[in-house]
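For reference, the structure is listed below as structure tokens.
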Amino acid sequence: MLPDLIHTPRLSLRPPKTGDAEIALKRWAGDPEVAKYTSWMPHTEAATIQVFLDGLAKERKEGSCYAYMICRRGETEPIGMIEANPEQGFKAMLGYVLMRSEWGKGYMTEALTKITDLLFEVPTMRRVFAFCDVENPASAAVMRKAGMTDEGILRKYFIHPNLGQEPRDVLMLAKIR
């Protein structure tokens, strides 16, 4: 569904590879501030990240998830990740994470826009969506800049373990065709 390598004016997106787990741990996966609104607690060992990355490789072969390491053009070490999870042949959910020192530079908007555009090249694709915690306006702004529009608040929808075990409200955004 999506190519292995994707380029934007400033970025290269590629599938995860051996060695990325250590870099991810240092750059974002171990950072409590980056993990705050994610589905995972900050990692302390690269081995657990490698297990996750190995699972993503298997899902890619099955066509159920397209995960990419986000690298600055001309560099090989990633600054973040983005993934597209196709569902039911007509929609795809997106998720993303970026190391804190790269926040506010437009990298994630660039990657999200490109992935969304590529997904809409699939003839059956009608909906690309993502959600974020209602208290995460920066993530909502990224989605809006990438062309998604607000659809509403889903109450008690998602558990962000770094904020507690109670399901939290999220803002759902989507781009449709």
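The values are calculated or read from the model by the stated rules, or taken from the named source; none is laboratory data. All of these numbers come straight from a predicted model, not from anything done at the bench. Every residue, glycine among them, receives a Cβ derived from its backbone with ideal geometry; neighbour counts consider all protein chains shown.
Residue-level check: of (1) among the aliphatic types (A, V, I, L, M); (2) part of a helix (DSSP H, G or I); (3) in contact with a strand residue (DSSP E or B) (Cβ under 7 Å, 6 or more places away or on another chain), A84 misses just (2). Determine if region 43-61 includes at least one residue that is out of contact with any Leu (no Cβ under 6 Å at 6 or more places or on another chain), of a type in the set (G, A, S), exposed (fewer than 13 other Cβ atoms within 10 Å of the Cβ) and not in a helix (DSSP H, G or I). Looking for residues that are out of contact with any Leu (no Cβ under 6 Å at 6 or more places or on another chain), of a type in the set (G, A, S), exposed (fewer than 13 other Cβ atoms within 10 Å of the Cβ) and not in a helix (DSSP H, G or I), one finds none in region 43-61, hence no. Among residues of region 125-150 that are part of a helix (DSSP H, G or I), those with a beta-carbon under 6 Å from a residue that is polar (S, T, N, Q) at least six positions away or on a different chain give the pairs V142/T109; K145/T109.
Taken as a whole, region 20-36 holds no residue that is modelled with pLDDT of 95 or more, in contact with a Gly (Cβ under 9 Å, 6 or more places away or on another chain), surrounded by 13 or more Cβ atoms within 10 Å (Cβ to Cβ) and assigned to a loop (DSSP other than H, G, I, E, B). Of all residues in region 59-80, those that are under 16 Å from D20 (Cβ atoms) and touching a residue at least 12 places away in the same chain (Cβ under 8 Å) have Cβ atoms under 7 Å from Cβ atoms of residues that are among the aromatic types (F, W, Y) and buried (at least 19 other Cβ atoms within 10 Å of the Cβ), 6 or more apart or on another chain, in R60/Y66; I70/Y107; I79/Y107; G80/W28; G80/Y96.
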